[in-house]
Amino acid sequence: MDAPEELRDVRLFHKALADVNRLRIVQRLAVGEATVTDLIDHVGLSQPLVSWHLGKLRLAGLVDTRKSGRETFCRIVPEAFESFVARERLVLGLAALRPSKAAS
């Protein structure tokens with residue numbers, strides 16, 4: 001049985017963040033825009049692997065890229081994270097639940 005489209009979107013988001021190298025890329029981009037070369041140096045992977053990971057993050061809508069000459073600049077899409085949390089809660093039926101307060 002196929003999952004409804006909204007559940008596929010939730011899965012895509014989580015799968016994009018389910019890899020430690022992609023998490024390291026997101027961590028670096030949270031500091032600010034970076035070139036693919038910067039990300040290669042930060043993560044320590046080859047250019048094809050960094051580009052592949054960026055493709056997964058772009059597909060999930062978490063990262064945006066732009067070309068300037070020979071360089072590709074990458075940036076995090078912060079609103080993607082915020083809107084995803086709200087959408088995930090709605091799709092999973094958690095929107096009506098209030099987060100519990102941590103015990104002090």
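If I model a spin label at Ala30 and Ala96 as a point 7 Å from the Cα along the Cα→Cβ vector, what separation in nanometres do I get?
In this crude spin-label approximation the distance works out to 3.3 nm.
Report, in debye and to the nearest 20, how large the dipole of the range 12-75 comes out about its Cα centre when Lys and Arg carry +1 and Asp and Glu carry -1 on their Cβ.
Result for the range 12-75 is approximately 180 debye, rounded to the nearest 20.
Please report, to two decimal places, log10 I(q)/I(0) for the chain at q = 0.14, 0.17, 0.20, 0.23 Å⁻¹ as given by the Debye formula with identical point scatterers on the Cα atoms and no solvent.
-0.62, -0.82, -0.99, -1.18
So what's the back-of-envelope 222 nm ellipticity for the chain, counting only DSSP H runs of four-plus at -39500 (n - 2.57) apiece and dividing by all residues, rounded to 500?
-17500 deg cm²/dmol
Which order do you get for Asp41, Asp64 if you rank them by accessible area with a 1.4 Å probe, largest at the top?
I get Asp41, Asp64, largest accessible area first.
Treating only the Cβ atoms of Lys and Arg (+1) and Asp and Glu (-1) as charged, compute the dipole magnitude of the range 36-104 about its Cα centre; round to the nearest 20 debye.
Value, rounded to 20: 240 debye.
Using a Förster radius of 35 Å, what is the FRET efficiency between Gln47 and Leu7 based on their Cβ-Cβ separation? Nearest 0.05, please.
0.55
Enumerate by residue number the trypsin sites (Lys or Arg not before Pro) in the range 9-104 meeting two conditions: DSSP loop (anything except H, G, I, E, B), and at most 13 other Cβ atoms within 10 Å of the site's Cβ.
Sites meeting the loop and neighbour criteria: Arg70, Lys101.
In nm, what is the difference between 0.36 nm times the number of residues separating Lys15 and Thr37 and their Cα-Cα distance?
Length gained between Lys15 and Thr37: 5.5 nm.
Give me the angle, in degrees from 0 to 90, between the Cα long axis of helix 47-59 and the longest principal axis of the Cα atoms of the chain, rounded to the nearest 10.
Roughly 30 degrees, rounded to the nearest 10.
The values are calculated or read from the model by the stated rules, or taken from the named source; none is laboratory data. Remember, predicted model here, so these are calculated numbers, not experimental data. Heads up, the Cβs are rebuilt from the backbone with ideal geometry, glycines too, and the neighbour counts pull from every protein chain shown. Heavy atoms of the whole protein, side chains included, go into the accessibility calculation; ligands, DNA and RNA do not. Shrake-Rupley method; radii C 1.70, N 1.55, O 1.52, S 1.80 Å.
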